[in-house]
Amino acid sequence: MTEIPSKYEPAAAENRWYSYWMEKGFFRSKPDGREPYTIIIPPPNVTGVLHMGHMLNNTTQDVLIRRARMMGLNACWVPGTDHASIATEAKVVAKLKSEGIDKKSISREEFIEHAWEWTHKHGGIILEQLKRLGASCDWDRTLFTMDDQRYRSVIKVFVDLYNKGLIYRGVRMVNWDPQALTAVSDEEVIYTEEKSKLYYVRYKIVDEDDYITVATTRPETILGDTAVCANPADERYARLKGRRVIVPMVNREVPFIFDEYVDMEFGTGCLKITPAHDINDYEIGLKYNLQSIDIFNDNGTIAEAAGLFTGKDRFEARGLAEEELRRTGALVKTEDYINKIGRSERTHAVIEPKLSLQWFMKMKDISKPALDAVMDDTIRLFPDKFRNVYRHWMENVHDWCISRQLWWGQRIPAWYYSNNEFVVAENEEEALTRARKASGNAGLTVNDLLQDEDVLDTWFSSWLWPITCFDGINNPDNEDIKYYYPSNVLVTAPDILFFWVARMIMAGYEYRGREPFGDVYLTGMVRDKQKRKMSKSLGNSPDPIGLIEKYGADGVRIGMLLCSPAGNDLLYDDSLPEQGRNFANKIWNAFRLVMTMNIDESIEQPPASAAAAAWMRNTIDKTLADIEDSFVRYRISDALMQAYKLFWDDFSGWYLEIIKPAFGQPMDSRTHTETLAIFGDLVKILHPFMPFITEEIWQRLADRPEGSSIMVEQMPLPAPFEAGMLQRFDTVREIVTAVRAIRKERNIPVRDPLVLCASQGATGTEFDQVIIRMCNLSEIRVVEGKVEGAASFRIHTHEFFIPLSDGVDHEEEIRKLKEELVYQEGFLASVQKKLSNEKFVANAPEKVITMERKKEADSRVRIATIRESLAHLQGR
């Protein structure tokens, strides 16, 4: 055996073992006779670098995949990146600008070349960073949503859905991002409460020397008003039926109309109608056949159609409109107002509702199987509190705007020919054939065709990810898709439950006839201790690679998982990975202790060591059952804590203390052999959470054959355990803790042996040698009744005595007993209050009720014992 370093060196172990795992191909998966266990990675943006959310999400996935691999399943974790149209195009445009190149000055083809160059340069960064974390992906399967297979799959699906009548082109109100110059979906708009103003503006009534007042937060859009509306139930405006009013600044006559949509309580009860720039106004405009005036250019400046402020930015125009309204006497007053503002998730620009010719996908029918799948638990959400949120969204789903005014992405496969007519086809050759047929013009050539300039929403490729990971669109009957689909679990964040998870479920039913995954595990968001979202601008987001270098990958993994219950936010600070690093050091120190003990083959195994080994094995079996239950319920933080306590408390805190020989003395070989076997099982249990240190230790525990690894070893399986033994050992812990407390209170040196007196069977006998060893007792003496001149303590219904040479302070003992009596009586009262609550008793599980009744009975016995002791002491 090579010399064991005094300290664990994470960096060296991480480099050594990750290279070894890659070299031996332990991450690879191919279809075989085993049951598959599949996870598809939520593809991070190709432009991205690792952040804390990635750390939590991918650590969770790696724990699940490593555990499945050790359970004998054919584990396949598919990695990949997303082309991220908006984010990547913005990066490339910025890069070109820094080089003095304007996007508009180059061709589409040249821009795409720059985008690919950027992607090749930066696209692998985040995947390489995931390797530093220990991610055991099948890297041979690494995919990109814009690679050839995925690109062809997306185009094929678009054509298919168009032919089914599910995709259409039309003018609709969309969310327009004036910075990215593209439409974005409803789900890509983030609403925040922001300070603004409410402007009260006068509109003159035609043929009257009177006015009505309208309240608006956007005076610049008055330039596009084509009506004013009130609620038909609002008697204040009943006389204006059939009348017209004059729009200030532009002096346009518009109708005064009535619709129940208007809230009589908001502002003045009158609503200005601007059909081109508000979704609700747009619907009213359609209903009453109102004119629609688009006053904005695509970049958010004022268009010529507005008649005023042409070319000014919309926010500058707001100030100019306020000045003009005030100058003309139309501005009555302004009030401070808190308003919900929609911002682009990608650029943070304020979204502009805008009428635009776009491509849409009908969602009503295709979404129904996806709703049913979650509601009937074909797909389970963890935690299930998200089911109702999911149902609400799916029952109110809108058509999906799938076109984006960008160059980077899958280009929409529609080709235009004469008079703006178009055909949809998978390629130009097929488009030409269809165009000739549709037009009746056999003389059409490729030069007569013009492909749509727009690309598809990035999510239109991502929604196919579970299928395209295995090329299931292009080759629907290939071996991989039949073997690995559906995957077992998707690990993602709740904020993309709708515009990614739900759509993947839709695609699964549309193209495979079944769900794409069985379970969805929703992690929380990583926040700082002040509950703020981590961001570079706030300076509260640490560099994950820096954390790995400081605390080790295992330390960071433990830190991320210790406080991350499903669906709840993780409040991060550096004490978490520090705790993880300390745990790794604890494991290493315990390993060194075990491996450096002197062994004497001739020594018999001490009874205390034999009892400890039996207890430790039972403890492991119980913990394995608990961990299994936690994993089944995706309580991964709980599973880690169970493994953590098994090693730190049970193994290091108790087992090693029991079996450790006296200073300078050797250990018997049987105990040492059993301890090595136990240690081997413990590092296997910990391996999914801490892959590097467990591999390092497992390789050193014994001579291993070339090519072996803990990651492909069999995970210990839970065996039947003796619950009674574990309960009896819990009593032993309490006895040892109580005796040590008395030593500390009385300043009795540890080297001085004591006598423990108790009634017959109070200690359980099988662990008497453990108690003697851990407490340094000369004997455990069976007694009847009280022992004079002794310190005492109670555990459950038994009283224990330690005779003291200098006797006891009776007044102090009475004081302690009275304190304990007050506590126990208070505890009993709280339990009885619960049990007297009819609602609690009716709704609580039977197991909980039984436990509460046991607490009540035990508390009564303890109170009786304390009162008996008090009576004895006070009657002296």
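Efficiency by 1/(1 + (r/R0)^6): what FRET value for Phe266 and Arg527, r their Cβ-Cβ distance, R0 = 30 Å, to the nearest 0.05?
The pair Phe266/Arg527 has a calculated efficiency of 0.30.
Could you pull the accessible area for Glu578 with a 1.4 Å probe, rounded to 10 Å²?
Rounded to the nearest 10, that gives 80 Å².
So which lysines pass the test for Lys104, namely a Cα distance under 17 Å, with those fewer than 8 places away in the same chain ruled out?
Lys91, Lys95
Near the amide H of Arg244, under 5 Å away, which other amide H atoms are found, from residues 5 or more places off or on another chain, if H is placed in the peptide plane?
Val206, Phe256
Using only Cα atoms, tell me the angle between helix 669-686 and the longest principal axis of the chain; keep it within 0 to 90° and round to the nearest 10.
Taking Cα atoms only, the helix is inclined about 10 degrees.
Which order do Tyr823, Tyr511 take when ranked by solvent-accessible area (1.4 Å probe, heavy atoms of all protein chains), largest first? Provide the component values of the computation, followed by the final result.
Working: Tyr823 135, Tyr511 55 Å².
Solvent-accessible surface, decreasing: Tyr823, Tyr511.
Using only the heavy atoms of the protein chains and a 1.4 Å probe, how would Asp207, Asp365 rank by accessible area, largest first?
Details: Asp207 145, Asp365 120 Å².
Reading off the accessible areas and sorting them downward yields Asp207, Asp365.
Taking θ = phi - 60°, what integer Hz values does the Karplus form 6.51 cos²θ - 1.76 cosθ + 1.60 yield along the stretch 431-438, in sequence order, with x for Gly and Pro?
4, 5, 4, 5, 5, 4, 5, 5
Express in nm, to one decimal, how much length is gained between Asp649 and Arg751 on full extension, taking 0.36 nm for each residue of separation and deducting their alpha carbon distance.
Working: separation 102, 0.36 × 102 = 36.72 nm, distance 2.40 nm.
Full-extension gain reported as 34.3 nm.
Based on Cβ point charges of +1 for Lys and Arg and -1 for Asp and Glu, what charge dipole magnitude is obtained for the stretch 496-538 about its Cα centre, in debye rounded to the nearest 20? Write out the running numbers ahead of the final one.
On the way: 9 positive and 4 negative charges, 88 e Å.
Around 420 debye, computed over the stretch 496-538.
Report the calculated FRET efficiency for Ala829 and Lys24 (r = Cβ-Cβ distance, R0 = 45 Å), to the nearest 0.05. If you can, show how the numbers build up before the last one.
Values: r = 62 Å, r/R0 = 1.39.
Given R0 = 45 Å and the Cβ-Cβ separation, E is 0.10.
With each pseudo-label sitting 7 Å past Cα toward Cβ, what's the Asn585-Glu283 distance in nm, one decimal?
Placing both labels 7 Å beyond Cα along the Cβ direction yields 6.2 nm.
Which whole-number percent is the relative contact order of the chain (Cα, under 8 Å, 6+ apart)?
Once divided by the residue count of the chain, the mean separation gives 12 percent.
Label points 7 Å out from Cα along the Cβ direction at Thr850 and Lys97: separation in nm?
So the two model labels end up 6.8 nm from each other.
Highest mean first, how do 502-510, 17-25 rank when packing is the count of other Cβ atoms within 10 Å averaged over residues?
502-510, 17-25
Translational diffusion coefficient, Stokes-Einstein: compute it for the stretch 305-362 using the Kirkwood radius over C-alpha pairs as Rh, at 25 °C and 0.890 mPa s, and state it as an integer in µm² s⁻¹. Walk me through the intermediate numbers first.
Details: Rh = 14.7 Å.
Taking Rh from Cα pairs, D becomes 166 µm²/s.
Taking the stretch 124-203, which trypsin sites (Lys or Arg not before Pro) meet the DSSP loop condition and have no more than 12 other C-beta atoms within 10 Å? All intermediate terms of the calculation are to be shown ahead of the outcome.
Numbers: sites: Lys131, Arg132, Arg141, Arg150, Arg152, Lys156, Lys164, Arg169, Arg172, Lys195, Lys197, Arg202; in loops: Lys164.
Here the sparse-neighbourhood loop sites are Lys164.
Taking the Cβ of Val446 as the center, what net charge do the other residues with Cβ under 9 Å away carry, scoring Lys and Arg +1 and Asp and Glu -1?
On the way: positive: none; negative: Glu428, Glu429, Asp448.
Net charge around Val446: -3.
Which of the following values of Rg and Dmax of the Cα atoms in Å was calculated from the structure shown: (1) 31.6, 97; (2) 36.1, 121; (3) 29.7, 94?
Among (1) 31.6, 97; (2) 36.1, 121; (3) 29.7, 94, the one derived from this structure is (2).
How would you rank 600-606, 654-660, highest first, on the average number of other Cβ atoms within 10 Å across their residues?
Ranking, from highest mean packing down: 654-660, 600-606.
Loop only by DSSP, 16 or fewer other Cβ within 10 Å of the Cβ. Give me the trypsin sites (Lys or Arg not before Pro) in the stretch 689-754 that pass, ordered by residue number.
The qualifying sites are Arg751.
With 22 Å as the limit, write out which pairs from Lys645/Lys834; Lys30/Lys482; Lys30/Lys156; Lys164/Lys368; Lys197/Lys272 have Cα-Cα distances beyond it, or answer none.
From the list (Lys645/Lys834; Lys30/Lys482; Lys30/Lys156; Lys164/Lys368; Lys197/Lys272), the Cα-Cα distance tops 22 Å for Lys645/Lys834; Lys30/Lys156.
Could you tell me the distance between the Cα centroids of the stretch 656-694 and the stretch 502-528, to the nearest Å?
Using only Cα atoms to place each centre, the spacing works out to 42 Å.
State, in angstrom, two size descriptors of the stretch 407-483 derived from its alpha carbons: Rg to one decimal place and Dmax to the nearest whole number.
Looking at the stretch 407-483, its Cα Rg and Dmax stand at 16.0, 48 Å.
Taking the Cα centre of the chain as the origin, how large is its charge dipole in debye, to the nearest 20, when only Lys and Arg (+1) and Asp and Glu (-1) carry charge on their Cβ atoms?
Values: 110 positive and 132 negative charges, 204 e Å.
Magnitude of the dipole: close to 980 debye.
At 1.4 Å probe size, what's the solvent-accessible area of Asp477? Round to the nearest 10 Å².
Surface accessible to solvent at Asp477 totals approximately 120 Å².
Hey, if you drop one equal point scatterer on each alpha-carbon of the stretch 14-153 and run the Debye formula without solvent, what base-10 log of I(q)/I(0) do you get at q = 0.14, 0.20 Å⁻¹?
After summing over all Cα pairs, the log10 values are -0.73, -1.19.
For a Förster distance of 25 Å, can you work out the FRET efficiency between the beta-carbons of Lys197 and His348, rounded to the nearest 0.05?
0.75
Place a +1 charge on the Cβ of each Lys and Arg in the stretch 613-667 and a -1 charge on the Cβ of each Asp and Glu, then give the dipole magnitude about the Cα centre in debye, rounded to the nearest 20.
80 debye
Once both axes come from the Cα atoms, what is the angle between helix 691-701 and the longest principal axis of the chain, in degrees from 0 to 90, rounded to 10?
Around 30 degrees separate the two axes.
State, to one decimal in nm, how far the label point of Ile106 lies from the label point of Asp448, with both points 7 Å from Cα in the Cβ direction.
Rounded to a tenth, the inter-label distance reads 3.5 nm.
Could you put Ser830, Ser29 in order of accessible surface area, largest first, with the 1.4 Å probe and the full protein assembly present?
Ser830, Ser29
For the stretch 551-612, with equal point scatterers placed on the C-alpha atoms only and solvent neglected, what are the log10 I(q)/I(0) values from the Debye formula at q = 0.23, 0.26, 0.27, 0.28 1/Å, to two decimals?
Computed log10 I(q)/I(0) values: -0.92, -1.04, -1.08, -1.11.
Find, among the trypsin sites (Lys or Arg not before Pro) in the stretch 567-644, those assigned to loop by DSSP (not H, G, I, E, B) with at most 14 other beta-carbon atoms within 10 angstrom.
Those satisfying the criteria are Arg633.
Once you order the gyration tensor axes a ≥ b ≥ c over the Cα atoms, which shape class does the stretch 702-830 get: rounded for a/c under 1.5, otherwise prolate or oblate by comparing a/b with b/c?
Cα axes put the stretch 702-830 in the prolate bin.
Might you work out the accessible area of Thr328 for me, using a 1.4 Å probe with all protein chains in place, and round it to the nearest 10 Å²?
So the heavy atoms of Thr328 present about 70 Å² to solvent.
Report, in degrees rounded to the nearest 10, the 0 to 90 angle that the Cα long axis of helix 52-70 makes with the longest principal axis of the chain.
Between helix and principal axis, roughly 60 degrees.
The values are calculated or read from the model by the stated rules, or taken from the named source; none is laboratory data. This structure is a prediction, so every number in the text was calculated from the model and none was measured. Virtual Cβ from ideal backbone geometry, glycine too; neighbours counted across all protein chains shown. The accessibility values were calculated without ligands, DNA or RNA, using every heavy atom of the protein model including side chains. Shrake-Rupley method; radii C 1.70, N 1.55, O 1.52, S 1.80 Å.
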